[in-house]
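Visitor: Can you read through this structure? Questions will come right after.
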């Protein structure tokens, strides 16, 4: 992490750049050729800035949220260039030497950002996040078209309830399962609407070793991903302190441990990616995974090594019927350093219109629009999903995300260490979470005093 003075210096530079960009691109009033229009849901007319006719190259920074080269071309670059031939969009992927802090330090950060909603705080902390509400109003972009739960969750990242990002696509979680393993042992398949207790009992029936092959019952995913249903915060915004000893955290961890320790040979291996075991090795019966797994499943079909799979709704807590996962979206932010905020806002409006979003959702990336047609047509064009229980994914609904802060990343490693200690039998839940909370708060205090 940057020291406080250095970070503040960077923020000052970025704010100055943003002000210069505003003078050159936004202006105090409408440009020639603009005409007053009224966006849906707005009370009075606003002047929409004319889209620049100059040749423009816009750079998009991508981190965390998966986006293949083909998806970038099909969903973003090509549609934009078709509508605005004077615009070229280039992708800058996060990597060695070009992380967000690297690019900020070099004065070379891109114009906008594609990423995971859970990491919005990283960009806020670097002074890169722009509040988009005024930009949306100025450019007649109707924010009411997006799923209201997602939009409410995005405001959790700001004490002032600013909107720093717009959703491009929506993640989901589900229980993917290997039909061959269930058939092999004569065990009924999972069903929509199962509770975690029911899932664990089912898992015990397929946790077997046969012909030297050990079949794992349930991969619960990492603790951070597993915690999607309870949406518990890492840091209390009122006190500014971490607290992983709350009832919500204990409930979440206890359920996680029941899956890992109450089923034979089912302990989660921290740091090991499970996608290969589920798709390639075909030794995992069930995988509680995010929607990105569909891409890997589809790729296996293309590679000639298909998995005999299906999917049901994400398991639920007995006292939370119908609730499956915390909101998680792939979002787009407009950088404070860009010289073209209005053009980018109009581009975001284009690639999130119904026509483009419907085509996208049919290819297995779920739209974040508040439109029932999106879920109805989800993954409809994928060969690998034919005959699958795709609509079962939506038998549970998402819940608003927990409050997030810019210091969450500082706390997460202490939770991961606590989970590792519990899994290895070196600590109990209460002790491990108390120590994680204490160590996290020491780290927060040290950062505060830097």
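Visitor: Sticking with the crude label model, points 7 Å out along Cα→Cβ, report the distance from residue 447 to residue 224 in nm, one decimal please.
Guide: So the label points at residue 447 and residue 224 sit 1.3 nm apart.
Visitor: Normalised by the number of residues in the stretch 117-187, what is the relative contact order in percent for Cα pairs under 8 Å and 6+ residues apart?
Guide: 33 percent
Visitor: Would you mind ranking 53, 88, 405 by Cβ crowding within 10 Å, fewest neighbours first?
Guide: Neighbour counts put them in this order, fewest first: 53, 88, 405.
Visitor: Right, something else. Enter the angle in degrees (range 0 to 90, nearest 10) between the Cα long axis of helix 247-261 and the first principal axis of the Cα atoms of the chain, meaning the one along which they spread out most.
Guide: With both axes taken from Cα atoms, the answer is about 50 degrees.
Visitor: Out of the DSSP beta bridges found with both residues in the chain, what percent are antiparallel (nearest 5)?
Guide: The antiparallel fraction comes to roughly 60 percent.
Visitor: What is the packing order of peptides 114-126, 257-269, taking the mean over residues of other C-beta atoms within 10 Å and listing the highest first?
Guide: 114-126, 257-269
Visitor: Oh, and also: Expressed in whole Å with the largest first, what are the equivalent ellipsoid semi-axes of the stretch 299-450 derived from the C-alpha gyration tensor as the square root of 5 times each eigenvalue?
Guide: Equivalent-ellipsoid dimensions as semi-axes: 36, 27, 16 Å.
Visitor: In addition: For residue 238 and residue 267, calculate 0.36 nm times their separation in residues minus their Cα-Cα distance, and state this gained length in nm to one decimal.
Guide: 6.9 nm
Visitor: I've got another one for you. Given a Förster distance of 22 Å, report the FRET efficiency between residue 438 and residue 251 from their Cβ-Cβ distance, rounded to the nearest 0.05.
Guide: 0.60
Visitor: Then there is this: At 25 °C and 0.890 mPa s, what whole-number value in µm²/s does Stokes-Einstein give for the translational diffusion of the stretch 233-392, with Rh from the Kirkwood sum over Cα pairs?
Guide: Roughly 127 µm²/s, to the nearest whole number.
Visitor: Need one number: nm distance between label points at residue 74 and residue 299, each 7 Å from Cα along Cα→Cβ, rounded to one decimal.
Guide: 1.4 nm
Visitor: To one decimal place, what Kirkwood hydrodynamic radius in Å is obtained for the stretch 112-259 from all pairs of distinct Cα atoms?
Guide: 19.0 Å
Visitor: Order of 340-352, 155-167, 377-389 by packing, highest average Cβ count within 10 Å first?
Guide: The peptides rank, most packed first, as 340-352, 155-167, 377-389.
Visitor: Something else about it: To test your reading of the geometry: what angle, between 0 and 90 degrees and rounded to tens, separates the Cα axis of helix 196-206 from the longest principal axis of the chain?
Guide: Orientation of helix 196-206: about 50 degrees from the principal axis.
Visitor: Continuing with the same structure: For 445, 71, which order do you get if you count the other beta carbons within 10 Å of each Cβ and list the fewest first?
Guide: Ordered by Cβ neighbours within 10 Å, fewest first: 445, 71.
Visitor: If you take the alpha carbon radius of gyration of the stretch 51-159 and divide it by 2.2 N^0.38 Å, what ratio comes out, to two decimals?
Guide: Here the answer is 1.15, to two decimals.
Visitor: Quote to one decimal, in nm, the extra length available between residue 318 and residue 159 on full extension: 0.36 nm per residue of separation minus the C-alpha distance between them.
Guide: 54.0 nm
Visitor: Hull surface divided by four, with the convex hull built on the Cα atoms of the stretch 236-309: how many nm²?
Guide: Directional mean of the projected Cα hull area for the stretch 236-309 stands at 7.1 nm².
Visitor: Mind listing P(r) for the chain? All alpha-carbon pairs, 20 Å bins, whole percents.
Guide: Percent of pairs per bin, in order: 23, 54, 22, 1.
Visitor: Please compute the contact order of the chain in relative form: average sequence separation of alpha-carbon pairs under 8 Å and at least six residues apart, divided by the residue count, as a percent.
Guide: This gives 23 percent for the chain.
Visitor: Enter the angle in degrees (range 0 to 90, nearest 10) between the Cα long axis of helix 429-448 and the first principal axis of the Cα atoms of the chain, meaning the one along which they spread out most.
Guide: 20 degrees
Visitor: Using packing as a proxy for protection, rank 361-368, 299-306 so that the peptide with the highest average count of other Cβ atoms within 10 Å comes first.
Guide: Highest mean packing first, the order is 361-368, 299-306.
Visitor: Continuing with this model, one more query. Write down, largest first, the equivalent ellipsoid semi-axes of the stretch 178-231 in whole Å, where each equals the square root of 5 times an eigenvalue of the alpha-carbon gyration tensor.
Guide: 23, 14, 8
Visitor: Of 316, 64, 357, which is the most mobile in a GNM of the chain whose springs link Cα atoms less than 10 angstrom apart?
Guide: Sorting by GNM fluctuation, first place goes to 64.
Read-outs: derived from the displayed coordinates by stated rules, not from any lab. Here the structure is a predicted model, which is why all the values come from computation and not from measurement. Here Cβ is always computed from backbone atoms with ideal geometry, including for glycine, and neighbour counts include all displayed protein chains.
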